[in-house]
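Asker: Following this message is one structure expressed as structure tokens.
The values are calculated or read from the model by the stated rules, or taken from the named source; none is laboratory data. Predicted model only: the values in this text are computed from it and were never measured. When we count neighbours, we look across all protein chains shown, and the Cβ atoms used for this are built from the backbone with ideal geometry, even at glycine.
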Amino acid sequence: MTQSLPKLRLGTRGSPLALWQAHAVRDALLKAHRWPDEAVEVQVIRTTGDAITDRALSEAGGKGLFTKELEEALLDRRIDLAVHSAKDMPTRLPDGLHLVGYLPRADVRDALILREGVALRDLKPGAKVGTASLRREAQLRRLRPDLDVSLLRGNVHTRLAKVENGDFDGTLLAYAGLSRLGLADKVSSVLETTDFLPAVGQGAVAIETRFGDIAVDALVVPVVCPATGLALRVERAYLGQLDGSCRTPIAGLAQVDGEEIRFRGAVLSPDGARYYEIVRYGPRNRALELGIAAGQEMRALVPPELLPH
Ligand SMILES: NCc1[nH]cc(CCC(=O)O)c1CC(=O)O
């Protein structure tokens with residue numbers, strides 16, 4: 001007996017990076033189930049975040065700007081799964097939705113793109129570096145308080161162009177995004193996580209579905225990565241204890257090593273002058289507890305004005 005072919009509708013934003021990620025999920029599904037191309041249909045949905053290009057996202061209302069319209073489409077049953085950058089996902093999802101899992105995580109590190117030179121130390125005092133991320137801005141100021149760090153938004157290609165044409169001497173972007181776009185050769189150097197921690201979820205592609213839609217989840221499960229799921233459970237639980245405003249530079253990284261999970265988190269003042277770091281270990285069957293404990297430890301460590309409730 002042959003099984004009838006499902007028709008899964010996969011929703012995504014329309015940016016080149018989002019499309020790459022959506023097609024990575026689609027390809028993984030087609031391969032895992034040996035489906036023909038027509039089994040998974042990609043639907044592009046425009047989000048509020050795509051429309052805002054002139055302001056820092058933290059000023060435009062922060063959380064959920066890249067996910068809201070996709071989640072409405074899921075709840076309205078116009079799509080069956082939504083694919084997102086895990087980094088752009090709020091810690092709390094709307095009722096009725098959940099994250100089934102993630103593709104195997106790519107490189108989590110941030111990359112430095114310079115007009116001249118290779119490493120951070122090659123930037124001259126006063127050099128102009130653009131970034132749209134409070135976390136990158138604060139960590140950069142911490143390492144190099146002598147630089148002129150300012151807002152640089154727009155998609156990856158726009159930002160690279162502003163370095164190439166001399167508006168900026170350098171910028172910072174996620175290595176994973178650059179490599180997915182075939183732009184790894186633009187990277188001057190990669191910042192090690194020992195002195196520059198990534199955002200929660202960086203490098204991971206998340207798959208969101210309707211909670212309780214077990215038919216869809218059963219089809220998605222074969223393509224998700226268990227170790228990435230554990231790491232993200234820790235990181236998102238940590239962030240869930242801290243965020244709310246999206247105006248505080250927060251970083252965090254969990255790494256699964258055999259039976260053990262290691263987590264490192266950092267919170268900074270926006271000028272990078274104050275830096276708070278925690279390190280915690282836990283067994284892999286206590287991922288959620290590890291993340292919550294890490295977040296609570298950080299809350300106790302950081303002055304309340306940096307982390308308003
Ligand atoms: N906020 C935008 C965004 N969301 C995910 C990535 C990169 C890919 C990833 O981290 O998985 C980027 C671009 C960037 O930060 O450079």
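So that you can scan it fast, the table gives a plain yes or no per residue for (1) modelled with pLDDT of 95 or more; (2) crowded, with 20+ Cβ neighbours inside 10 Å:
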{"residue": "139", "(1), (2)": "yes, yes"}
{"residue": "144", "(1), (2)": "yes, no"}
{"residue": "150", "(1), (2)": "no, no"}
{"residue": "153", "(1), (2)": "no, no"}
{"residue": "169", "(1), (2)": "yes, yes"}
{"residue": "174", "(1), (2)": "yes, yes"}
{"residue": "178", "(1), (2)": "yes, yes"}
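Asker: Just to check your reading of the model, which residue among 247, 284 is in contact with a helix residue (DSSP H, G or I) (Cβ under 6 Å, 6 or more places away or on another chain) and of a type in the set (Lys, Arg)?
Answerer: Matching residue, one of 247, 284: 284.
Asker: If you check 251, 231, 266, 300, which single one turns out to be farther than 18 Å from residue 138 by Cα and touching a residue at least 40 places away in the same chain (Cβ under 8 Å)?
Answerer: Exactly one of 251, 231, 266, 300 is farther than 18 Å from residue 138 by Cα and touching a residue at least 40 places away in the same chain (Cβ under 8 Å), namely 231.
Asker: Suppose we filter the stretch 232-250 for residues that are at pLDDT below 90 and over 23 Å from residue 101 (Cβ atoms); how many remain?
Answerer: So the count comes out to 4.
Let's see how each residue does on (1) in a helix (DSSP H, G or I); (2) surrounded by fewer than 15 Cβ atoms within 10 Å (Cβ to Cβ); (3) at negative phi; (4) of a type in the set (S, T, N, Q):
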site: 229; (1), (2), (3), (4): yes, no, yes, no
site: 236; (1), (2), (3), (4): yes, no, yes, no
site: 267; (1), (2), (3), (4): no, no, yes, no
site: 278; (1), (2), (3), (4): no, no, yes, no
site: 305; (1), (2), (3), (4): yes, yes, yes, no
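Asker: Something else about it: Do we find a residue being touching a Phe, Trp or Tyr at 6+ places or on another chain (Cβ under 6 Å) and more than 24 Å from residue 150 (Cβ to Cβ) anywhere in the stretch 178-187?
Answerer: Yes, the stretch 178-187 has at least one match.
Asker: Another question, then. Only one of these is within 21 Å of residue 254 (Cβ to Cβ) and aliphatic (A, V, I, L, M): 176, 184. Name it.
Answerer: Going through 176, 184 in turn, the sole match is 176.
Asker: Of all residues in the stretch 238-257, count the ones that are part of a helix (DSSP H, G or I) and within 23 Å of residue 177 (Cα to Cα).
Answerer: 1
Asker: Starting from the stretch 125-152, take each residue that is within 12 Å of residue 269 (Cα to Cα) and list its partners that are within 16 Å of the ligand (Cβ to nearest atom) and of a type in the set (S, T, N, Q), counting only C-beta distances under 8 angstrom and pairs at least six apart or across chains.
Answerer: Listed pairs, sorted by first residue: 134/58; 137/131; 140/131.
Asker: Also: Look through 279, 234 and report the one residue that is under 30 Å from residue 32 (Cβ atoms) and not assigned by TED's automatic domain parsing to the domain that holds residue 28.
Answerer: Only one candidate passes the filter, namely 234.
Asker: Related question: Considering only residues that are outside any loop (DSSP other than H, G, I, E, B) and more than 14 Å from the ligand (Cβ to nearest atom), which ones fall in the stretch 71-87?
Answerer: 71, 72, 73, 74, 75, 81, 82
Asker: Just to be sure before I move on: is residue 123 of a type in the set (A, V, I, L, M), under 23 Å from residue 212 (Cβ atoms) and either crowded, with 19+ Cβ neighbours inside 10 Å or modelled with pLDDT under 95 (or both) in the structure I sent?
Answerer: The answer is no for residue 123.
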